[in-house]
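Notes to accompany the following structure.
Any read-out appearing in this document is the output of simple, stated calculations on the displayed coordinates, not a laboratory observation. Bear in mind the structure is a predicted one, so any value in this text is a computation, not a measurement. Here Cβ is always computed from backbone atoms with ideal geometry, including for glycine, and neighbour counts include all displayed protein chains.
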Amino acid sequence: MRTRLVTGFLVGLLSALPAAAATCPGTVVLQDSFNSVNPALNMDVNDSAKVAVQGGKAEITVSKPGYARSELYVGSRFGDANVCLTVSTPATDKSEKQDFGVVFWADSFATYYTFEITPEGMFSVAQKLPSGQWSYPVHLTASPAIVQGTGKSNSLRVLTKGNTATFFINDQQVGTVDGTPPAGGGLAGFIGDTSDPISGPDSFEFTSFTVAIP
């Protein structure tokens, strides 16, 4: 997990909806069911992380403490769009305050925004800067919209419109930020990153990745 502050601000007071109830409104322009490897993904294996795609899911496994592994659908850029993803950690995984979620407004693997949750019921919005440093428009924030625990699924959605991004967890709006989308549209994808330190490899599972134009 990248170092960040934790805020006690609770966003919304509605009870969590099942992840299966989430939708991705609009005309679908990119969809990945993870039954086979999409050629737009990087899928690089290194000493810090690896990605596997099979059986309807993509799984990122990270072994380096404090390491973030992102996957982008290179070649497809979007302006105003809904980016939707279902995420979970394996039921056998240890809860170590790791983060996982959506990448949006990406210009490259060096510069992008993320919308992530933790198994403990927190979410955050971060921006990776060209310098390699991270900025946090929304620090870790508790939300009752998140279904907590390892092995639990949550559906995330980011709606981008102009320079504004609106965030949903299990169809409940949890926040909005203004940012700087790339000129000509941004790439989208998913990310998982570990705490520092970790007691062993952390794994993250992703299903039903969709981009739809509202």
**Asked** Out of these labelled values of Rg and Dmax of the Cα atoms in Å, (1) 17.8, 56; (2) 15.4, 43; (3) 19.7, 70, which was calculated from the coordinates shown here?
**Response** (2)
**Message:** So, R0 is 25 Å and r is the distance between the beta-carbons of residue 152 and residue 108; what FRET efficiency does that work out to, to 0.05?
**Reply:** 0.20
**Complete:** Listed by chain and number, the residues whose amide H is under 5 Å from that of residue 66, excluding neighbours fewer than 5 places away on the same chain and using placed H, are 194, 195, 196
**Prompt:** Could you give the dipole magnitude of the chain about its Cα centre, charging the beta-carbon of Lys and Arg +1 and that of Asp and Glu -1, in debye to the nearest 20?
**Reply:** 160
**Prompt:** How many lysine pairs are close in the chain, with Cα atoms under 23 Å apart and the two 8 or more places apart or on different chains?
**Reply:** 15
**Request:** Using only the alpha-carbon atoms of the stretch 78-184, report the extent along each of the three principal axes, biggest first, to the nearest angstrom.
**Result:** 41, 29, 20
